[in-house]
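**Student:** Could you have a look at this structure, given as structure tokens, before my questions?
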Amino acid sequence: MAITALGVLGTGVALVIGFVIVKRAGAIAMSTVTYSIPVVSTLAGVILLNEKLHWYEPVGALIVLVGIAIVQELIKPKSKVSKAA
């Protein structure tokens, strides 16, 4: 029963949410959701299971979140454009 509930509730709900994200924000936004899973699971482990947080985990989370923001064009890196005279 527990495995069935996890499959139906967890995977089923995630699938529906995935389709909604693709419809509203596009496939690129949906693909970046995958990268946020370790960030959320680490945070849940610290909050719910009282796991220890090591220094490199927030650093990694920051790198992942900045990468997602760049891909979704929430942050635009400065580019050098040389003007030929």
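None of the figures in this text is laboratory data; all of them are computed from the coordinates on show. Please read all numbers here as calculations on a predicted model, not as lab measurements. Glycine gets a Cβ as well: all are built from the backbone with ideal geometry, and neighbour counts include every protein chain shown.
**Student:** Using Cα pairs closer than 8 Å and at least 6 residues apart in sequence, work out the relative contact order for the chain, in percent.
**Tutor:** 22
**Student:** If you take the square roots of the eigenvalues of the alpha-carbon gyration tensor of the chain and sort them as a ≥ b ≥ c, do you get rounded (a/c under 1.5), prolate (a/b over b/c) or oblate?
**Tutor:** Note, shape of the chain comes out oblate.
**Student:** Moving on to the next point. Quick query: amide H of E51 versus all other amide H atoms, modeled in the peptide plane; which residues come in under 5 Å with a sequence gap of 5 or more or a different chain?
**Tutor:** Answer set, sorted by chain and number: V46.
**Student:** With unit charges on the beta carbons (Lys and Arg positive, Asp and Glu negative) and the dipole taken about the Cα centre of the chain, which residue among A27, A2, V39 sits farthest to the positive side?
**Tutor:** A27
**Student:** Still on this structure, I have one more. Name the trypsin sites (Lys or Arg not before Pro) in the range 9-85 that are in a loop by DSSP and that have at most 15 other C-beta atoms within 10 Å, would you?
**Tutor:** Within the range 9-85, the qualifying trypsin sites (Lys or Arg not before Pro) (loop, at most 15 other Cβ atoms within 10 Å) are K52, K78, K80, K83.
**Student:** Loop-only chymotrypsin sites (Phe, Trp or Tyr not before Pro) in the range 25-85, please: DSSP not H, G, I, E or B, and at most 11 other Cβ atoms within 10 Å.
**Tutor:** Within the range 25-85, the qualifying chymotrypsin sites (Phe, Trp or Tyr not before Pro) (loop, at most 11 other Cβ atoms within 10 Å) are W55.
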